[in-house]
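Please read the structure below before turning to the comments.
The values are calculated or read from the model by the stated rules, or taken from the named source; none is laboratory data. Because the structure is predicted, anything quoted here is derived from the model rather than measured. All Cβ positions, glycine included, derive from the backbone under ideal geometry; neighbour counts span all protein chains shown. We work out accessible area using only protein heavy atoms, side chains counted, and drop any ligands, DNA or RNA first. Shrake-Rupley method; radii C 1.70, N 1.55, O 1.52, S 1.80 Å.
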Amino acid sequence: MSPHLYEDEFVGRAYDGRLMRRLLRYVRPYRLSVAAAGALLLVASLTELAGPQLYRIAIDRAIAPALQGGTVDAGLLGRVALAYLLVLGVGFGARWLENYLMQYVGQRAMADLRMDLFCHLQRLPLAFFSRTPVGRLVTRVTNDVETLNELLTSGIVAVFGDLFTLVGIIAAMLWLDARLALVAFCVLPLVVWVTEQFRVRAREAYRAVRTWLARINAFLNEHITGMAIVQLFNRERRAVERFDAMNEDYLQANLLSLQNLARFFPAIHLLGTIAVALLLWYGGGEAVRGAVTIGVLVAMVQYAERFFEPIRELADKFNLLQQAMASSERIFRLLDEPVLIQDPPDPVVLDRVRGEVEFQDVWFAYEDPSGDRAGWVLRGTSFRIAPGERVALVGYTGAGKTTVIHLLCRFYDPQRGQVLLDGVDVRRLRQQDLRRHIGLVQQDVFLFSGTIADNIRLYNPEITDEQVRAAARFVGADRFIERLPDGYATEVGERGVRLSAGERQLIAFARAIAHNPEVLIVLDEATSSVDAETEGWIQEATRRVLRGRTAILIAHRLSTIQDADRILVLHRGRIVEEGTHTELLARGGLYAKLYRLQYRQQAHAPEFRP
């Protein structure tokens, strides 16, 4: 398997204004809460700036006179202590409320984003899902959205708070004593250099982490879904080896990222300590000479220690911003994925569907993941199916039988020609209206987690419990459903693992019948994996449900279509033969060849003599 299927896209820039503007659209409905959080953060920052000033007042005005033979001003000291407690309380309250508001905004905004992503995924064409690993899409809706949530809750507003605190500390230090401030700031060139090194390494480290995380998610999804094949062919050891290699690479990528953080924060702390030491060395001498007061020196030390806290926070925010920009790039790239199958602006409404199906000179080619056409699958295909007629499509694998169904259901649009339902081009119908009138029973039945009744009605509130039971009785599914302890309320498990293949097939038929489509499409493999008794139930139910409906049978086993009204033989995208079973055998063409090939190794195969 190609490793590029597991690759993840990565945004190269640490900040992209276009992406940030799109992200902030999800915050706009909650802008009042964001503004309140910003105001509260400024209040909290002011309380942090006020602390060292209160230290200075307490030392210089209340305690210092006692060192010169006077007395301690207990009243002033008490008022300063009370003010300090009040500042701490206000700061705590502001921080708590700001954090709550931003968490609320982040959760609401990300809930809106997740909903947009899921709704957009449901509108994308099947071609998109055929070229995109499911694990990557799950990563978009979960991990990447959560990364953006972290940016909103602790990044956007907090950055402005850190910047305000940083500017405030610089202003306060310069106001108290410019010389001492310059001594403390002499380490700033080293701080800038260390921060830039951290920024570059963080970017590379995060790229590796996200790449390996996407690979692991895609690998897990693929191998858990295909666990039966893994175990059947004894590939457990090989799967473990491949996962172990991916897991080790992911571990090393995370360790490199942690090493970068482990170097950066101690380095900033060391530089902060050096700045304080220089301040004490120079400021102590100035205090001895009386050039500065002890209170000013203590306040400057307090500010110097706090000066490096917002720098560390900003560096951490940069790391978060880097992650968020990468996640934003992937999320909005997914949201920008074009919805190629669009409803028309002025859709035709069919008051009553008779079930006439017609293909007029239809040409169609699939596109490979690179966007290139893989060759015509249908080449000028034309046919008409009258209302209530049962028509079978046969041909070699790759002849275009399934493509006919994809075009009729409008999972794809033809490059040329028209597909008509009751004389109306399906592109002029709303997709929901079109698919409401078409039922499809496949061999690979997909059941959702939930009850049997849920899977028959597919959560359609218009289908009553009685209609669900009637549909099950009609196909014979009630025989096994009513034997279950919980009956129609039985949980089927993920993908219907608690039911046998035959039981899942019967539920698929009941599902199609409950929705009462005018056009029913049946793949004859739908009965290929069931026992003889269950197959008999399904065939009998199929004959009853097809009566009076337009039916399209995609046939591989020719024995299942001998009573079809008409058989269309597809070969290399063209209809090369048409007629009843008897007529086509008598003609001795491709259908007769398929018939002989299918039965030549069976001793009981009927011998045809024209």
Practice prompt. Exactly one condition in (1) over 30 Å from ALA365 (Cβ atoms); (2) in contact with a helix residue (DSSP H, G or I) (Cβ under 6 Å, 6 or more places away or on another chain); (3) open to solvent by 20 Å² or more (accessible area, probe 1.4 Å) is not met by ASP112; state its number.
Written response: (2)
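Among ARG312, ARG289, which is free of Cβ contacts under 8 Å to residues at least 60 places away in the same chain and within 30 Å of VAL157 (Cα to Cα)?
Values: ARG289 fails: within 30 Å of VAL157 (Cα to Cα).
Of the residues listed, the single one that is free of Cβ contacts under 8 Å to residues at least 60 places away in the same chain and within 30 Å of VAL157 (Cα to Cα) is ARG312.
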Fill in: Checklist (1) over 26 Å from VAL134 (Cα atoms); (2) among the hydrophobic types (A, V, I, L, M, F, W, C); (3) under 20 Å from the mean Cα position of the chain (by Cα) applied to LEU220, failing item
(1)
Discussion item. I'd like the full set of residues that are touching a Leu at 6+ places or on another chain (Cβ under 9 Å) and open to solvent by 40 Å² or more (accessible area, probe 1.4 Å), limited to segment 172-198.
Written reply: LEU174, LEU182, CYS186, LEU188, LEU190, THR195
Worksheet entry | Sole residue being at pLDDT below 75 and in a loop (DSSP other than H, G, I, E, B), chosen from GLN562, GLN602, GLN539 | GLN602
Discussion item. I need a count of the residues in segment 155-182 that are touching a helix residue (DSSP H, G or I) at 6+ places or on another chain (Cβ under 7 Å) and within 30 Å of GLN107 (Cα to Cα).
Written reply: 10
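Those residues that are among the aliphatic types (A, V, I, L, M) and touching a Pro at 6+ places or on another chain (Cβ under 9 Å), I need them from segment 150-172; list them, please. If you could, list the steps in order and put the result at the bottom.
Of the residues in segment 150-172, the ones among the aliphatic types (A, V, I, L, M) are 151-152, 156-159, 163, 166-167, 169-172.
Residues satisfying the conditions are LEU163, LEU166, ILE169, ALA172.
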Worksheet item: Of (1) assigned to a loop (DSSP other than H, G, I, E, B); (2) in contact (Cβ under 8 Å) with a residue 60 or more places away in the chain, ARG427 satisfies all except one. Which?
Response: (1)
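When segment 298-315 is examined, which residues are found to be surrounded by fewer than 19 Cβ atoms within 10 Å (Cβ to Cβ) and not basic (Lys, Arg)? Write out each step before concluding.
Narrowing segment 298-315 to residues surrounded by fewer than 19 Cβ atoms within 10 Å (Cβ to Cβ): 298, 305, 309, 312-314.
Correct list: VAL298, GLU305, GLU309, GLU313, LEU314.
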Worksheet, complete the sentence: Matching residues in segment 91-109 (within 27 Å of ALA62 (Cα to Cα) and crowded, with 16+ Cβ neighbours inside 10 Å) number 1
Discussion item. Considering only residues that are modelled with pLDDT of 85 or more and of a type in the set (Phe, Trp, Tyr), which ones fall in segment 10-57?
Written reply: TYR26, TYR30
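Hey, could you check segment 373-412 for residues that are part of a helix (DSSP H, G or I) and of a type in the set (S, T, N, Q) and say which is least open to solvent (accessible area, probe 1.4 Å)? Spell out the reasoning first.
From segment 373-412, those part of a helix (DSSP H, G or I) are 401-408; that's our starting set.
This time we only want the ones that are of a type in the set (S, T, N, Q), so: 402-403.
Working: THR402: 74, THR403: 8 Å².
For segment 373-412, the residue satisfying everything is THR403.
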Worksheet item: Of all residues in segment 445-472, how many are farther than 15 Å from ALA512 by Cβ and under 25 Å from the mean Cα position of the chain (by Cα)?
Response: 5
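So that you can scan it fast, the table gives a plain yes or no per residue for (1) under 30 Å from ASN99 (Cβ atoms); (2) outside any helix (DSSP H, G or I); (3) acidic (Asp, Glu):
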| residue | (1), (2), (3) |
| --- | --- |
| PHE128 | no, no, no |
| LEU137 | no, no, no |
| GLU146 | yes, no, yes |
| LEU151 | yes, no, no |
| VAL159 | yes, no, no |
| ASP162 | yes, no, yes |
Worksheet item: Restricting the search to segment 430-463, which residues are assigned to a loop (DSSP other than H, G, I, E, B), touching a Pro at 6+ places or on another chain (Cβ under 8 Å) and either modelled with pLDDT of 90 or more or among the charged types (D, E, K, R) (or both)?
Response: ARG430
Fill in: Residue that is nearest to the chain's Cα centre (by Cα) [pool: residues in segment 268-315 that are charged (D, E, K, R) and assigned to a helix (DSSP H, G or I)]
GLU313
Worksheet item: Tell me, which residue of segment 176-229 that is touching a residue at least 12 places away in the same chain (Cβ under 8 Å) and not in a helix (DSSP H, G or I) is nearest to ARG56 (Cα to Cα)?
Response: ASP177
Fill in: Top-ranked residue of segment 125-149 - restricted to ones that are of a type in the set (D, E, K, R) and at pLDDT below 80, ranked as surrounded by the fewest Cβ atoms within 10 Å (Cβ to Cβ)
ARG131
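Can you tell me how many residues in segment 413-461 are among the small types (Gly, Ala, Ser) and open to solvent by 20 Å² or more (accessible area, probe 1.4 Å)?
Step one: of segment 413-461, the residues among the small types (Gly, Ala, Ser) are 417, 423, 439, 449-450, 453.
Remaining after also requiring open to solvent by 20 Å² or more (accessible area, probe 1.4 Å): 417, 423, 449.
Qualifying residue count, segment 413-461: 3.
Take GLU329 and tell me if it is closer than 30 Å to ARG201 by Cα, part of a helix (DSSP H, G or I), acidic (Asp, Glu) and open to solvent by less than 50 Å² (accessible area, probe 1.4 Å). Before you say what the answer is, go through the steps one by one.
Details: closer than 30 Å to ARG201 by Cα: yes; part of a helix (DSSP H, G or I): yes; acidic (Asp, Glu): yes; open to solvent by less than 50 Å² (accessible area, probe 1.4 Å): yes.
Yes; evaluated as a whole, the condition is true for this residue.
Under the condition of being part of a helix (DSSP H, G or I) and of a type outside the set (Val, Ile, Thr), which residue from segment 58-72 is modelled with the highest pLDDT? Can you show your working first?
As a first pass, look at segment 58-72 and keep what is part of a helix (DSSP H, G or I): 58-67.
Pick out the ones that are also of a type outside the set (Val, Ile, Thr) and you get 58, 60-62, 64-67.
Details: ALA58: 84, ASP60: 78, ARG61: 79, ALA62: 76, ALA64: 73, PRO65: 73, ALA66: 71, LEU67: 66.
Restricting to residues being part of a helix (DSSP H, G or I) and of a type outside the set (Val, Ile, Thr), the top hit is ALA58.
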Worksheet, complete the sentence: By residue number, the members of segment 462-504 that are in contact (Cβ under 8 Å) with a residue 40 or more places away in the chain and touching a strand residue (DSSP E or B) at 6+ places or on another chain (Cβ under 8 Å) are GLU491, VAL492
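Being surrounded by fewer than 18 Cβ atoms within 10 Å (Cβ to Cβ), in contact with a helix residue (DSSP H, G or I) (Cβ under 9 Å, 6 or more places away or on another chain), farther than 15 Å from VAL191 by Cβ and at pLDDT below 85: is that true of ALA262 here? Before you say what the answer is, go through the steps one by one.
On the way: surrounded by fewer than 18 Cβ atoms within 10 Å (Cβ to Cβ): yes; in contact with a helix residue (DSSP H, G or I) (Cβ under 9 Å, 6 or more places away or on another chain): no; farther than 15 Å from VAL191 by Cβ: yes; at pLDDT below 85: yes.
So ALA262 does not fit the description; no.
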